[in-house]
1. Tell me, how many Å apart are the Cα centres for the stretch 134-212 and for the stretch 92-125?
2. Can you list the trypsin sites (Lys or Arg not before Pro) in the stretch 396-451 that are in a DSSP coil and have 12 or fewer other beta carbons within 10 angstrom?
3. Once each part is reduced to its C-alpha centroid, what is the distance from the stretch 349-385 to the stretch 14-61 in angstrom?
4. For the chain, what is the charge dipole size about the Cα centre, in debye to the nearest 20, if Lys and Arg each add +1 at the Cβ and Asp and Glu each add -1 at the Cβ?
5. For the charge dipole of the chain, defined by +1 on Lys and Arg C-beta atoms and -1 on Asp and Glu C-beta atoms about the Cα centroid, which residue among 250, 75, 316 has the Cα displaced farthest towards the positive pole?
6. As a test of the formula, what do you get for the chain when each DSSP H run with n ≥ 4 contributes -39,500 (n - 2.57) and the sum is divided by the residue count, at 222 nm and rounded to the nearest 500 deg cm²/dmol?
7. Which value, in Å², gives the accessible area per residue of the chain when a 1.4 Å probe is used on the protein heavy atoms?
8. Give the Kirkwood hydrodynamic radius (Å, one decimal) of the stretch 89-129, defined as one over the mean of 1/r across all pairs of different Cα atoms.
Amino acid sequence: MVFSSFAFLFVFLPAVLLCYFIVPRRYRFPRNMVLLAFSLFFYLYGEPKGIFVMLAVIAVSYASAMVMARTRTRTGRRWAMGLAVAGMVAVLGYYKYTGFAVTNLNSLFGLSLPVPEIIMPIGISFFTFQSMSYVFDVYRETVPAQRNPLYVALYVTLFPQLVAGPIVRYETVAEEIVTRQESFNGFYDGVGRFIVGLAKKMLLANPLGQQATAIFALSADALTPTKAWIGAVCFALQILFDFSGYSDMAIGMGRMFGFHFLENFNYPYICRSITDFWRRWHISLSTWFRDYIYIPLGGNRKGKARQLLNLLIVWGLTGLWHGASWNFVLWGLYFAALLILEKLFLGRLLEKLPRIVGHVYALFFVLIGWVIFNCTSLADIGTYLTAMFAGQSAGAADWSYFLWFLRQYGVELVAGILASTTLLQRLVAPWKGRRGGQLAWTAWLLAIFALSLLTLASSSFNPFIYFRF
């Protein structure tokens with residue numbers, strides 16, 4: 001069940017809101033159990049078998065934290081943490097990477113091992129990483145172990161962020177699970193944030209994504225430079241508004257129930273370097289790898305050579321996290337190389353150059369990165385990049401296609417470019433606090449919500465890219 005579906009918008013979400021708020025505010029535990037029950041149903045609806053995997057991960061997280069809470073020795077705590085994390089990594093590895101590993105073993109050593117057909121539970125990368133962060137933080141004693149297993153389950157399964165993030169730290173919501181305060185203003189803000197996210201998804205990500213999908217599926221003969229560049233730009237805008245739209249909807253629904261999830265995107269396409277881009281894109285994942293992999297490996301505290309090696313390890317793992325495919329590994333290493341260059345000299349050079357130079361540099365290499373990300377094989381990556389930079393010369397048919405694209409998708413393209421900057425936010429902020437400003441904002445939200453519903457009713461193209469991770 002995706003957020004941008006009539007079943008979710010007009011059946012599931014109203015049902016959970018009704019059942020939640022019909023319980024008096026002073027009964028916090030029953031309200032939490034309503035959320036837990038609906039969250040389990042939400043996952044069960046789309047992944048009947050995968051729910052047992054998720055429940056096993058939750059049980060391991062809870063048991064490990066309780067052992068650490070009752071163990072006084074550091075060695076015992078380390079063993080409890082290590083076994084739990086190893087178990088969760090094993091689960092993730094089995095479901096996500098077994099087929100990839102067997103295929104590559106067969107290719108490297110000429111074997112004929114059967115490749116198992118393992119169905120990967122939706123959102124496994126998100127709920128395992130979230131569970132691991134809880135175990136890590138209990139081990140570090142930054143949060144106390146939660147003694148109520150139902151609250152650990154609620155933390156992991158909370159439906160707004162369950163299958164595609166953001167990856168919520170337990171410390172972010174630990175107090176709010178027990179003591180949060182819902183309010184009308186918080187609910188109103190949450191509804192507004194949800195509608196903005198839905199509009200990003202339906203009005204920008206989907207139409208541009210439909211064109212990106214069509215272009216990336218073209219054969220080498222049909223892929224001209226104009227089409228290749230348009231496809232790359234469309235996919236860059238699709239993945240931004242698809243994922244940030246989902247995050248907006250998750251954060252908005254969290255606010256409806258009194259939770260304050262941290263931001264996951266901060267206008268990443270206004271970045272001036274690749275380092276800046278990764279401070280703004282999928283912030284919850286970037287900080288997860290920073291806090292639980294990069295810093296424990298030594299970060300930048302053990303010399304430049306070790307820092308660069310740590311970056312290479314982290315970004316190789318980041319690529320693998322996104323999928324069991326060599327294009328994701330290459331994508332991670334590609335960004336590792338750029339980040340290493342910025343650490344060595346390029347970052348200092350960019351600071352001395354005009355802002356526009358850094359901005360163009362960052363956008364260019366981010367765009368190439370999205371091509372690597374979206375192509376399904378190394379051969380496809382080569383074909384697509386060749387079309388972008390060394391393909392056939394544009395002809396009359398190519399020019400006709402460009403004009404057709406602008407007629408069909410020009411509004412979405414311009415709107416997407418503007419929405420990926422802070423310009424609209426700066427224009428809207430001054431009048432939102434004025435008399436009538438809130439009324440105008442509400443009217444705008446109703447208008448884009450209605451337009452989103454019309455688009456949902458008239459289109460069958462409605463994927464969420466990050467569901468597959």
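1. 31 Å
2. Counting only loop positions with at most 12 other Cβ atoms within 10 Å, the trypsin sites (Lys or Arg not before Pro) in the stretch 396-451 are 434, 435.
3. The stretch 349-385 and the stretch 14-61 have Cα centres separated by 41 Å.
4. 1540 debye
5. Of 250, 75, 316, it is 75.
6. Dividing the helical sum by the residues of the chain leaves -23000 deg cm²/dmol.
7. 46 Å²
8. 11.0 Å
The values are calculated or read from the model by the stated rules, or taken from the named source; none is laboratory data. All of these numbers come straight from a predicted model, not from anything done at the bench. Note that each Cβ is placed from the backbone with ideal geometry, even for glycine, and that neighbours are counted across all protein chains shown. Side chains are part of the model used for accessible areas, which takes the heavy atoms of the whole protein and leaves out ligands, DNA and RNA. Shrake-Rupley method; radii C 1.70, N 1.55, O 1.52, S 1.80 Å.
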